[in-house]
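Report on the following structure.
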Amino acid sequence: MSIAYQGIAGAWSHLACRAVHPELEAVPCASFEDVFEIVEAGGGDLAMIPIENNLGGRVADIHQLLPHQALHIVAEYFQPIRHELLAVPGATFEGLKAVYSHPQALAQCRRYLRERGLEPRAASDTAAAAERVAQRGDPSIGAIASALAGELYELSSLGGNIQDAQHNTTRFIVLAREKNCGPADRDTDYITALWFQLRSVPAALYKALGAFATNNVNLTKLESYIGTENFDRARFYVEVEGHESDAPVLSALEEIEYYTDIVRVLGSFPQHEFRRQRNKP
């Protein structure tokens, strides 16, 4: 049994794999496309994909990739992110000029870098940035990555918890070839994820979202993007409270078919403890 992730050892996706499924072999992949492909082809059992961060926003490309793969979302995980500023042993903060990391990590530390006059430079992932700094041996460059990456690539920390806010958290989704089987557990709170493409007619979005309102289904996420070559139809990624087998969710899904060209349920999965704690009154 294995779980695939984008990046190399020490990346935050690697840490998420270890936190959620420590019993599984974590398989590194060069790109998100590779992660999806290896699991779809049976070369891995699960995929760990970052989808959004509460400081850096949504992870680029994921919402474009989700509709075109055959996997199902089976779980979510919220990973607290505590970034380290890493450099080669002997390097000093005063001698540092540029810092490498994934664009999401750079965005999460934007104010920290700007106030200290450090030039941000993009890398494929946080651990790859740490590996690059270690290989080059240049004391004028650093990396933003996890403490584990620092240990793996034998780097020194010039600063801990450097993210711009202490509540910095990345949300991951876990995907599998098969959807969660069986009916919904009545004692479990679920999230259902779906995407749809609107028909190009007046008030299509208003009417599609009205299907959730009239069935008393609460939306927790709504994101739009253009998915057609002519820029004439919008696509939406939506998450709602409830299981796809719940009568209100079923009714809403039936109604939105009147206003859409394509509707696909990506999965129903239990709400993570992080979400449940935040929702408590």
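The values are calculated or read from the model by the stated rules, or taken from the named source; none is laboratory data. Just so we're clear, the structure is a prediction, and the values are computed from it rather than from any experiment. Note: ideal-geometry Cβ built from the backbone for every residue, glycine included; neighbour counts use all protein chains shown. Side chains are part of the model used for accessible areas, which takes the heavy atoms of the whole protein and leaves out ligands, DNA and RNA. Shrake-Rupley method; radii C 1.70, N 1.55, O 1.52, S 1.80 Å.
Taken about its Cα centre, the stretch 10-152 carries a charge dipole of about 780 debye when Lys and Arg each add +1 at the Cβ and Asp and Glu each add -1 at the Cβ. Taking all protein chains into account, the per residue accessible area for the stretch 67-149 stands at 42 Å² (1.4 Å probe).
Under 5 Å from the amide H of residue 52 lie the amide H atoms of 59, 171, each residue being 5 or more positions distant or on a separate chain, with H modelled from the backbone and absent for Pro and chain starts.
The charge dipole of the stretch 109-188, taken about the Cα centre with unit charges on the Cβ atoms of Lys, Arg (+1) and Asp, Glu (-1), comes to about 300 debye, rounded to the nearest 20. Look at the alpha carbon pairs under 8 Å that are at least 6 residues apart: their mean separation over the length of the chain gives a relative contact order of 22 percent.
Note on the chain: dipole from Cβ charges, positive end direction compared against 214, 87, 242; the farthest Cα belongs to 87.
Rounded to the nearest 500, the helix-only mean residue ellipticity at 222 nm of the chain stands at -7500 deg cm²/dmol, with each DSSP H run of n ≥ 4 adding -39,500 (n - 2.57). The GNM of the chain, with springs linking C-alpha atoms under 10 angstrom apart, assigns the highest mean-square fluctuation among 40, 239, 257 to 257. Dipole size of the chain about its Cα centre, with +1 on Lys/Arg Cβ and -1 on Asp/Glu Cβ: approximately 860 debye, rounded to the nearest 20. The fraction of accessible area contributed by carbon and sulfur in the chain is 49 percent, rounded to a whole number (1.4 Å probe; ligands and nucleic acids excluded). Computed with every protein chain present, the accessible area of residue 212 is close to 0 Å² [probe 1.4 Å]. Accessible surface calculations at 1.4 Å, restricted to protein heavy atoms, place the stretch 166-281 at 54 Å² per residue. Partner aspartates and glutamates whose Cα lies under 13 Å from the Cα of residue 207, excluding those fewer than 8 positions away in the same chain, are identified as 254, 255, 257. Of the residues 92, 169, the one with the largest accessible area comes first in the ranking 92, 169, computed with a 1.4 Å probe on protein heavy atoms.
Length gained on full extension, residue 38 to residue 165: 42.2 nm, using 0.36 nm per residue less the C-alpha separation. In the chain, the longest principal axis of the Cα atoms and the axis of helix 247-256 are about 90 degrees apart.
For the stretch 105-206, trypsin sites (Lys or Arg not before Pro) are listed when DSSP marks them as loop and at most 10 other Cβ atoms sit within 10 Å of their Cβ; the list is 186.
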